[in-house]
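FYI, it's all coordinate maths here, none of it is from the lab. Please read these numbers as outputs of a predicted model, since none were measured by experiment. Note that each Cβ is placed from the backbone with ideal geometry, even for glycine, and that neighbours are counted across all protein chains shown.
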Amino acid sequence: MRLRRILAVWAAKLAEKISVHIFHRQGVTWAGKIALRLDPSILKTLASQVKKDIFIVCGTNGKTTTNNMLCAALEAEGYKVVCNHTGSNMLNGVAAAFALAAGLSGNLKADYACIEIDEASTRRVFPHFKPDYMVLTNLFRDQLDRYGEIDITMNILKEVMKSAPKMKVIVNGDDALSAFLAMDSGNPYATYGISKKVTDDSKSNEIREGRFCKKCGALLHYNFYHYSQLGDYACTNCDFKRPELDFDAGDVEVGETLSFTVEGKRIHANYKGFYNVYNILAAYAALRTGAIEPVHFNQMLSRFRPENGRMEQFQIDGTKIMLNLAKNPAGFNQNISAVMQDQTEKDIIIVINDNAQDGIDVSWLWDVDFDRFHEDNIHSITVSGIRCQDMRLRMKYVNIPSLLEADVETAIRKRIADGCGNLYVLVNYTALFSTRNVLKRLEGNG
Ligand SMILES: [Zn+2]
């Protein structure tokens, strides 16, 4: 058995070395597939060698950032951690994270594991190991035809929670869907959230999920929304309401940087985007729930870089460029908020593709609140990518003129040449890698 495992670990390492530079994320997936093929019990065995606990991170938005941040926070406290940093979050990617972290002896030396898992893939991963903790960030509507309705995702998560009754769920209490799931599962749980109102979101035209109580079906009443369906809710009919928050972010300040207070400690981060308060809070709550004292948390945040294409900055020929992924309505609306927080003049490029991983149906664009781009400080909006015509129509519908340039590189070059020096590039999933490569290349040549 041991020999099989050694062979599988070696093969995975070799496969990763050969392929990752050519195929990027797919290379990691391939390494995991080979490891599982050579030793079907490799994931089970290596997961059992983790000395302390296994954390997994699930939820529609913020998985990779939260998981990588949790890993960095554990490392900052001196622990050795297994993590699927690249965001390869299906069964093969999870197997690869463990196989690649193992030594050439086929054994793993790690204190903790932090593993993000695609919600639909939890069903395939849980038979291999039962995590000690599950962080559940939120449940938003994702690209329609990829996962189907949120209800399907909720049923899958409920099933895996029940299959691991000792697993403690660390849940975003501001999300009625996630909170209900944790409460309903029978698993132990801890909650995090923002109990007080931070900004006025009442005028937003956002489409909100979970307007109805999952317990009894009646309408939920919201005292306020933070964004999307996250906020302070209570059922108008039964006793379901936002649970008490174990980790409550207070005095939240959002602007060019973020800060908030939790458990009497002031937390600072040099990122934009209100949603990052939740990502940081989720990582913090996971540590504390796991009885880990985050002594170096702020130090970790000062060094932490969100993964590629999340508020990633470039500087090309005197133009400051911010690249950000926006793959679903909730994510896109949060992106628009972050862009509009910048009061200075700006150019915007929106790149929309419809490759298989994006979802071929781009009707979700109609659920994004593009109205908010009606501001004087918008110098120009350019639509690009495979579905630039759909995006142009969407902008036309809210009476916002846009420039059409299907080729991403040409669009970027043009706005660097004739823009105002402050450019935001918002991209959906498969547009991210190609757009990032273009920006990297242009920056390198500059
Ligand atoms: Zn109810």
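Hey, fewest Cβ within 10 Å first, where do Tyr397, Tyr225 land in order?
Details: Tyr397 12, Tyr225 20.
Exposure proxy ranking, most exposed first: Tyr397, Tyr225.
Whole-Hz Karplus ³J(HN,Hα) for region 112-119, in order, using 6.51 cos²θ - 1.76 cosθ + 1.60 and θ = phi - 60°, x for Gly and Pro?
9, 10, 10, 10, 7, 10, 4, 3
Given the pairs Lys158/Lys272; Lys33/Lys272; Lys109/Lys162; Lys44/Lys109; Lys13/Lys272; Lys166/Lys265, which span a C-alpha to C-alpha distance of over 26 angstrom in this model? Mind showing how you got there, number by number?
Values: Lys158/Lys272 33 Å; Lys33/Lys272 37 Å; Lys109/Lys162 29 Å; Lys44/Lys109 15 Å; Lys13/Lys272 36 Å; Lys166/Lys265 30 Å.
Long pairs (Cα-Cα over 26 Å): Lys158/Lys272; Lys33/Lys272; Lys109/Lys162; Lys13/Lys272; Lys166/Lys265.
Under a Cβ-Cβ cut-off of 11 Å, what is the net charge of the residues other than Leu46 that fall near it, where Lys and Arg count +1 and Asp and Glu count -1?
It works out to a net charge of +2.
Could you tally the net charge around Glu312, taking each other residue with its Cβ under 13 Å from the Cβ of Glu312, Lys/Arg +1 and Asp/Glu -1?
Working: positive: Lys272, Arg305, Arg310, Lys320, Arg436, Lys440; negative: Glu307, Glu443.
Within the 13 Å Cβ shell, the charges total +4.
Could you work out the helix-only [θ] at 222 nm for the chain, with each DSSP H run of four or more residues adding -39,500 (n - 2.57) and the total divided by the number of residues, to the nearest 500 deg cm²/dmol?
Values: 15 runs with 173 residues, N = 446.
Result for the chain, helices only: -12000 deg cm²/dmol.
Would you list which aspartates and glutamates come within 13 Å of Lys320, measuring only between C-alpha atoms, while excluding same-chain residues fewer than 8 positions from it?
Filter leaves Glu312, Asp342, Glu345, Asp347, Glu443.
Give the long-range amide H neighbours of Thr191: residues separated by 5 or more places, or on another chain, with amide H under 5 Å away, using H modelled in the peptide plane at 1.01 Å from N.
Excluding prolines and chain starts, which carry no amide H, the hits are Val171, Asp246, Phe247.
When the chain is modelled as a GNM with alpha-carbon springs shorter than 10 Å, which of Ile22, Ile316, Ile34 fluctuates the most?
In this elastic network of the chain, the residue with the biggest mean-square fluctuation among Ile22, Ile316, Ile34 is Ile22.
At what distance in angstrom do the alpha carbon centres of region 400-422 and region 271-327 lie from each other?
Centre-to-centre (Cα) distance: 28 Å.
Can you list the aspartates and glutamates whose alpha carbon is less than 14 Å from that of Lys130, not counting same-chain residues fewer than 8 positions off?
Here the aspartates and glutamates satisfying the reach criterion relative to Lys130 are Asp53, Glu116, Glu159.
With a 10 Å radius around each residue's Cβ, average the other Cβ atoms per peptide and rank 239-249, 80-90, highest first.
Working: 239-249: 17.7, 80-90: 20.9.
Averaged packing, sorted descending, gives the order 80-90, 239-249.
Taking R0 as 41 Å, what FRET efficiency do you get between Asn377 and Ile18 from their Cβ-Cβ distance, rounded to the nearest 0.05?
0.25
Sequence-distant or interchain residues sharing an amide H contact under 5 Å with His379, placed H: which?
Lys346, Asp347
Normalised by the residues of the chain, what does the relative contact order come to in percent, with Cα pairs under 8 Å and at least six apart?
Working: 910 pairs, mean separation 55.7, N = 446.
Taking the mean separation of contacting Cα pairs over the length of the chain, I get 12 percent.
Using the Karplus equation 6.51 cos²θ - 1.76 cosθ + 1.60 (θ = phi - 60°), what ³J(HN,Hα) coupling, rounded to whole Hz, does each residue of region 76-93 give in order, writing x for Gly and Pro?
So the J values, rounded to whole Hz, are 5, 8, x, 8, 9, 10, 8, 8, 8, 3, 6, x, 6, 10, 9, 3, 5, x.
Got a sec to turn the phi values of region 208-213 into Karplus ³J(HN,Hα) couplings, 6.51 cos²θ - 1.76 cosθ + 1.60 with θ = phi - 60°, whole Hz, x for Gly and Pro?
Couplings: 10, 7, x, 6, 10, 5 Hz.
Summing +1 for each Lys or Arg and -1 for each Asp or Glu, what net charge is found among the other residues whose Cβ lies under 9 Å from the Cβ of Lys327?
Cβ neighbours under 9 Å give a net charge of -2.
Ordered by packing density, taken as the mean number of other Cβ atoms within 10 Å over each peptide's residues, highest first, how do 265-272, 174-181 rank? Please list the in-between numbers first.
Details: 265-272: 16.4, 174-181: 25.6.
Ranked by mean Cβ neighbours within 10 Å, highest first: 174-181, 265-272.
Taking 0.36 nm per intervening residue step and subtracting the Cα-Cα distance, what contour gain separates Arg441 from Asn270 on full extension? Could the numbers behind the result be given before it?
On the way: separation 171, 0.36 × 171 = 61.56 nm, distance 2.55 nm.
In short, 59.0 nm is gained.
Sort 113-124, 325-336, 408-419 by the packing proxy (mean of other Cβ within 10 Å over each peptide's residues), most packed first.
Per-residue Cβ counts within 10 Å, averaged per peptide and sorted highest first, yield 325-336, 113-124, 408-419.
Restricting the count to DSSP beta bridges whose residues both fall in region 312-445, what percent are antiparallel, rounded to a multiple of 5? Kindly include the intermediate steps, with their values, before the conclusion.
Details: 5 of 24 bridges.
Among the beta bridges of region 312-445, antiparallel pairing accounts for roughly 20 percent.
Find how much the distance from Lys197 to Leu393 grows on full extension, using 0.36 nm per residue of separation minus their present alpha carbon separation; answer in nm with one decimal. Let's see the in-between values first.
Values: separation 196, 0.36 × 196 = 70.56 nm, distance 3.49 nm.
Full extension of this stretch gives 67.1 nm more.
Using the 10 angstrom Cβ neighbour count as an exposure proxy, how do Met1, Met161 rank, fewest first? It would help to have the intermediate numbers written out before the result.
Details: Met1 9, Met161 22.
Listed from fewest to most nearby Cβ atoms, that is Met1, Met161.
Give me, ordered by chain and number, the residues 5 or more places off Ile56 or on other chains with an amide H under 5 Å from its own placed amide H.
Counting only residues 5 or more places away or on other chains, the set is Ile115, Tyr133, Met134, Val135.
For Tyr79 and Ser41, FRET efficiency with R0 = 22 Å and r from the beta-carbon atoms, rounded to 0.05? Can you show the working numbers first?
Working: r = 26 Å, r/R0 = 1.16.
Efficiency, from the Cβ-Cβ distance: 0.30.
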